[in-house]
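The values are calculated or read from the model by the stated rules, or taken from the named source; none is laboratory data. Quantities reported herein were computed from a predicted structural model and do not represent experimental measurements. Positions of Cβ are backbone-derived with ideal geometry, glycine not excepted, and every protein chain shown enters the neighbour counts. Please note that ligands, DNA and RNA were not included when accessible areas were found on the heavy atoms of the full protein model with its side chains. Shrake-Rupley method; radii C 1.70, N 1.55, O 1.52, S 1.80 Å.
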Amino acid sequence: MRVGIGYDVHPLVEGRQLFLGGIEIPYNKGLLGHSDGDVLIHAICDAMLGALSEGDIGIHFPDTDESIKGIKSEKILSHVKELIKKRGFSIVNIDAVIALEEPKIQPHRTIIRENLARVLDLDIERVNLKGKTTEKLGFVGQKKGIEVFAVALLEKQ
Ligand code: MG
């Protein structure tokens, strides 16, 4: 068994679409980033790369690489899934906390979990997601950004 932790933050800005777990969430702002800014997928990828001792997402997908500008984060997630397979591991479960003031995550929770499970070839029961506000404190509370903490457990096949 191998465990890994992931963490990511992206700023919320006007004029961008908001993607969380590969799902477009209706909101008046979106996450800024070299990719589509999908902070949830990035944190989950870092958790899984951590479990593999494979560094982090920035090593595998450098933000200086112009060829991946605007890349859909689902592609990064698929890449990490393939790496896990190649290394002879499988995913036991994933858990994530997404900290944001708005929009509410609850109405989108199931579809996000379904999509992550689909990309990772997992049963939805192995992918959990929790939305939290920070009680209006800090950059999250001021709606300036979204922050995600994730853990992943892998097991050797
Ligand atoms: Mg990121």
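Among the residues of region 45-71, the ones that are of a type in the set (D, E, K, R) and farther than 14 Å from ALA152 by Cα come to 4 in all.
Picking from residues in region 20-35 that are at pLDDT 95 or above and in contact with a Lys or Arg (Cβ under 8 Å, 6 or more places away or on another chain), the one that is nearest to the ligand (Cβ to nearest atom) is LEU31. Restricting attention to region 5-19, the residues that are of a type in the set (D, E, K, R) and either in contact with a Pro (Cβ under 8 Å, 6 or more places away or on another chain) or part of a strand (DSSP E or B) (or both) total 1. When LEU116, LEU122 are checked against the criterion of being open to solvent by less than 100 Å² (accessible area, probe 1.4 Å) and within 18 Å of PHE19 (Cβ to Cβ), LEU116 stands alone in meeting it.
Checking each residue in region 20-36 for being assigned to a loop (DSSP other than H, G, I, E, B), touching a Leu at 6+ places or on another chain (Cβ under 6 Å) and not aromatic (Phe, Trp, Tyr) picks out GLY21, LYS29. Taken together, ILE76, ILE68 contain a single residue that is at pLDDT 95 or above, open to solvent by less than 30 Å² (accessible area, probe 1.4 Å) and aliphatic (A, V, I, L, M), which is ILE76.
The number of residues in region 36-56 that are over 17 Å from VAL92 (Cα atoms), open to solvent by 10 Å² or more (accessible area, probe 1.4 Å) and within 9 Å of the ligand (Cβ to nearest atom) comes to 1. In region 84-96, is there at least one residue being among the β-branched types (Val, Ile, Thr), open to solvent by 40 Å² or more (accessible area, probe 1.4 Å) and either away from the ligand (no atom under 14 Å from the Cβ) or closer than 20 Å to PHE149 by Cβ (or both)? Looking for residues that are among the β-branched types (Val, Ile, Thr), open to solvent by 40 Å² or more (accessible area, probe 1.4 Å) and either away from the ligand (no atom under 14 Å from the Cβ) or closer than 20 Å to PHE149 by Cβ (or both), one finds none in region 84-96, hence no. Pairs linking a residue in region 104-127 that is of a type in the set (S, T, N, Q) and modelled with pLDDT of 95 or more to a residue that is in a loop (DSSP other than H, G, I, E, B) and open to solvent by less than 90 Å² (accessible area, probe 1.4 Å), with Cβ atoms under 8 Å and 6 or more positions apart or on different chains, are ASN115/GLY21; ASN115/GLY22.
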